[in-house]
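S.K.: My structure is below; once you've seen it, I'll send some questions.
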Amino acid sequence: VVIDVAKREAVLSEDQLAHLASIEKELELGREGRRALGDKLRASAVAMIRSGQAGGEELDRSVNLATGAMEERITANADALEEIHGLLEPAQRSAVARALRARVTERYGPRPANEERQPKRFDRLAQYLFLTSFQLDKLKAAQKELFPERQTVHPSRDELFALVDAFEGDDFRDALNSLREKKVELLRARVKAASERATSVLAIFTPEQ
C-alpha cells in the first residue's frame, strides 16, 4: 500500500522509482512462499481434526514453519517501510502521510476492522467440513476467547495513525521497531494459547468430520 501511495502522491525521481520497484519485487517473492506454507498449515489442521487427536509432529512442524513465516513477514514489511522512509525526502513523506491518513480513515470509518474477513474464513471451513450452525458458534466463541478484538496482530486504527505520524518525522525507525516487537510477541502468545486449547476445540467436531 505504501509503495502504491508513494508512486501516486509523491513526485519521485527515476532512481527512487527503481528503488521502490526493487523493494516491491522482494516483498512479492516472500508472499509466494508464505502462501505455500499457509496451504500446508491448513492441510495439517484438517488432518488433525479428522484424526481427533490434538498436536502431532506434522502439525507442530507446520505451525512452527507458519509462525516463522508470519514473523518474517512482519520483519520484511517493517524493513521495507523503513527503507521507503529513508528513500523519501521530507516533503515526499508528508505527501504520502496525508494520503495514508485518508486511507486509514476510510478503512476504519463505517465498519470495524476485519468485520467481513472473519465470517468468510469460517464460511470456508463450514463448507469444507459440513459444520452445523451450533459448531460455527462454538468455534467463533473459542476464537473470541483466545484472540480478544483489542489485541490483534494486524495494526489497529490508533496504531496506524501513530505510525503514519512517525513516518512524517525522523523518529519513524523507533516507532516501527516498537510496533514490530509488540506484534511478534502477540503472535507468539496467540500460537501458544491456540496450542494449549487444541483439545477443547477438537471436541467441537464429530468423528465423521
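Computed from the coordinates by the stated procedures, all read-outs in this text should not be read as laboratory data. Keep in mind it's a predicted model, so treat the numbers as computed, not measured. For neighbour counting, all protein chains shown are included, and Cβ atoms are generated from backbone atoms with ideal geometry for every residue, glycine included.
S.K.: Once both labels are modelled 7 Å past Cα along the beta-carbon direction, what's the V1-V191 spacing in nm?
M.R.: In this crude label model, V1 to V191 measures out at 2.4 nm.
S.K.: Tell me, what is the FRET efficiency for H19 and L136 to the nearest 0.05, using R0 = 30 angstrom and their Cβ-Cβ distance as r? Working shown, then result.
M.R.: Working: r = 47 Å, r/R0 = 1.55.
Result of the calculation: an efficiency of 0.05.
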